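Beneath this line is the structure, given in structure tokens, with notes to follow.
Nothing in this text is a laboratory measurement; each read-out follows from the coordinates by a stated rule. The structure presented is a predicted model; accordingly, all values stated were derived computationally and were not measured. Counting neighbours? That spans all protein chains shown, and the Cβs are built from the backbone with ideal geometry, glycine included.
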Amino acid sequence: MRRIMGHKWFWGVLKVSVDLLMFNLSFKAAHTLSSIIYRGQVLPQDSYNSILVFANFTILMIFIFTGLYQSKRSVFDSEDFLKLMESVFLAYLIITAATFLTKSVEYSRLIITNTFAVGLLSISLGRALLNYVLVVVREMGWDRQRAVILGNGSDGESILRRLRERPELGYDFVGFIGFKSDLKDDLRGLRAQTVFIMSSDVDQEELIELMTECEEMDFKIVPDLVKLISEPLSFEEFRDIPLITVKGRGYRPLYSKYVKRAFDVVVSSMMIILLSPVFVLSAAAIKATSRGPVYFRQVRVGEGERLFTLYKFRTMREDAEDSKPGLKDLNEVSGLFKIKEDPRVTGVGYILRRACIDELPQLYNIVVGDMSLVGPRPHIPEEMDLFKGWRRNRFKVKPGLTGLWQVSGRHEIDVDKAVLLDIYYIKHMSPMLDLKILVKTIPSIMLSKGRW
């Protein structure tokens, strides 16, 4: 069994089986519900066999071509959910068109619509459960990969840190190795299955020979130049020369000024109304457990480097700002002031921070136009020395309640990488990107990766 679970095809077959099972159960649920509501007016389930078979085939093909069955070590995440949502919607359009072209049977459009709506949720649930099983299996020592890092230094340490932060990936780190002539013997001696290549001193000819002779291993290469790029990369071929293309896009002021602004006002206003009980309970808890005001006000740098007052629930002692100079030796983030176990945080404040409730008053900042739901996080004026030259481009748009930095590692990445992510967002700002960031914010909050 251990050997079977170690094969990629096993999990691929399991994914296909779970997806189709969940979809067919969704049809069963949608048909049963309609039969109860519209007694005697719904065709029996057998009448849907043909369209159901076609729907299963369509979903399977779309999932394959959109990469939902690609073999990867990472588990089902928000990116996969968005891809799943797009794929299910495309399948729904195809099946709906097929029912219009099929005049011989009057299929219920309501049953088909409900099938796909429930199907999206059930397939997501199925994949989440499958992921849970996969994590448990890897914790038991099955489906694990022995990983070696080729190279030393900070880059190799960053990969090792990420491997240890993501135990669900199932990598067992077995050592750092420098590039040398007998490398393949060392790799085989360590029984390496995945090799992360971080070294900039790798000889190209020897690397090609290594990958050719060690075909049983997976090689993951991170070139020095690519590590500095936050743009999406596409791989093209110019005659016989493979090229990595970095595609640029300009800033979209019309989207930012009108569409994005309207979305911010509507959604933020609704959230303030819906979350008003949370506001009241949080304010009461802060007031009852510590001295000082309910809200914390701080000057931040916004769009065009304009200053504005940012609002948060107070999570620290009243004298937190006065005691800040004495805590500089505890700072754990280069360039910024962040302490993992900050002694100034109150008990209630810790809970509010853990759930990101302390950020909710910024919905007011969004409504009045100082901020946006999605964008670069606002910094304090004292940190402006960090943003010189190209880094100042991050202030071309309004700061956000959440952003690409927060869902890509939060405080676990350095300042320059965070700025690159902010600039990437500005250059590629779109409704779909905003939606992806908002969706990815939810698991980031729940898991609280790097939240301090």
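Structure summary
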item	result
Radius of gyration, Dmax [segment 2-139; alpha carbons; angstrom]	16.4, 53
Proximal charge balance of MET22 [Cβ under 13 Å; K/R count +1, D/E count -1]	+2
Burial ordering of THR96, THR309, THR194, fewest other beta-carbon atoms within 10 Å first	THR309, THR96, THR194
Residue pairs, from the table LYS396/LYS440; LYS180/LYS220; LYS220/LYS417; LYS28/LYS440; LYS287/LYS312, whose Cα atoms sit over 26 Å apart	LYS28/LYS440
Backbone N under 17 Å from the ILE442 label point (7 Å along Cα→Cβ), restricted to segment 354-370	355-357
In nm, spacing of pseudo-spin labels at ASP185 and ASP416 (7 Å Cα→C-beta vector)	3.9
Order of ASP385, ASP358, ASP218 - criterion: other Cβ atoms within 10 Å of each residue's Cβ, fewest first	ASP385, ASP218, ASP358
Pairwise FRET efficiency - SER269 versus ILE351, Cβ, R0 = 30 Å, nearest 0.05	0.70
Separation of the PHE173 and SER50 label points, Cα + 7 Å toward Cβ, nm	5.9
Sequence of GLU215, GLU165 once ranked by neighbouring C-beta atoms within 10 Å, starting from the fewest	GLU215, GLU165
